[in-house]
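Notes follow once the structure below has been shown.
The values are calculated or read from the model by the stated rules, or taken from the named source; none is laboratory data. Because the structure is predicted, anything quoted here is derived from the model rather than measured. Here the Cβ positions follow ideal geometry from the backbone for every residue, glycine too, while neighbour counts run over all protein chains shown. In case anyone asks, the SASA skips ligands and DNA or RNA and just uses the protein heavy atoms, side chains included. Shrake-Rupley method; radii C 1.70, N 1.55, O 1.52, S 1.80 Å.
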Amino acid sequence: MITHARKSEIALIAVVVVGLGIDAYVHFDLASAFANIKTSTISQAGIFRIDASVAIVVALALILRPRRYTAALAFAVAAAGTAAVVVYRYVNV
């Protein structure tokens, strides 16, 4: 029998996995629009694809191994994405 705490844990994992999935989809979708913005080593499209890939890997890790360290990784990926959006929106970079 699944306890109330376990149901809450499953629901939170599902929400985080969906969020990471959306993150990955958006980054893969927008990557081609940023292909011309590049330095001598990497393009912004490459960074977008790396971010999307990391989001997918972390989401799978959270599904397959729901532990505190995978939750911390998921938080780090989500926080990095959120910080990038906030900085891009409110700071002239």
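How high is the relative contact order of the chain? Use alpha-carbon pairs under 8 Å, at least six apart in sequence, and give a whole percent.
Across the chain, relative contact order equals 26 percent.
Order of 33-39, 69-75, 19-25, 53-59 by packing, highest average Cβ count within 10 Å first? Intermediate results must be reported in sequence, preceding the final value.
Numbers: 33-39: 11.4, 69-75: 15.1, 19-25: 17.4, 53-59: 19.4.
Highest to lowest by the protection proxy: 53-59, 19-25, 69-75, 33-39.
Express in nm, to one decimal, how much length is gained between Ile42 and Met1 on full extension, taking 0.36 nm for each residue of separation and deducting their alpha carbon distance. The partial results should precede the final answer.
Working: separation 41, 0.36 × 41 = 14.76 nm, distance 5.03 nm.
Length gained between Ile42 and Met1: 9.7 nm.
With angles folded into 0 to 90 degrees, how steeply does helix 44-64 sit against the dominant principal axis of the chain? Use alpha carbons for both and round to 10.
That helix lies at roughly 10 degrees to the long axis.
Under 15 Å from the Cβ of Ala31, count the other residues' Cβ atoms, weight Lys and Arg +1, Asp and Glu -1, and hand me the total.
Values: positive: Lys38, Arg49; negative: Asp23, Asp29, Asp51.
Net charge in that neighbourhood comes out at -1.
Quick one: length gained pulling Ala35 to Val15 fully straight, 0.36 nm per residue minus the C-alpha distance?
This chain segment gains 4.1 nm when fully extended.
Counting only protein heavy atoms and using a 1.4 Å probe, what share of the accessible area of the chain belongs to carbon plus sulfur, as a whole percent?
Numbers: 4870 of 6950 Å².
Taking all protein chains in place, the chain shows 70 percent carbon and sulfur surface.
Using +1 on the beta carbon of Lys and Arg, -1 on that of Asp and Glu, and nothing else charged, what's the dipole of the chain about the Cα centre, debye to 20?
Once rounded to the nearest 20, the dipole reads 260 debye.
What whole-number value in Å² describes the accessible area per residue of the chain for a 1.4 Å probe? Intermediate values should be presented prior to the final figure.
Numbers: 6950 Å² over 93 residues.
Per-residue value: 75 Å².
What net charge is computed for the residues neighbouring Leu73, neighbours being all others with C-beta under 15 Å from the C-beta of Leu73, Lys and Arg scored +1, Asp and Glu -1?
Overall, the nearby charge balance is +1.
Would you mind getting the Kirkwood hydrodynamic radius of the chain from its Cα pairs, rounded to one decimal in Å?
Values: mean 1/r = 0.0692 Å⁻¹.
Taking every pair of different Cα atoms in the chain, averaging 1/r and inverting gives 14.5 Å.
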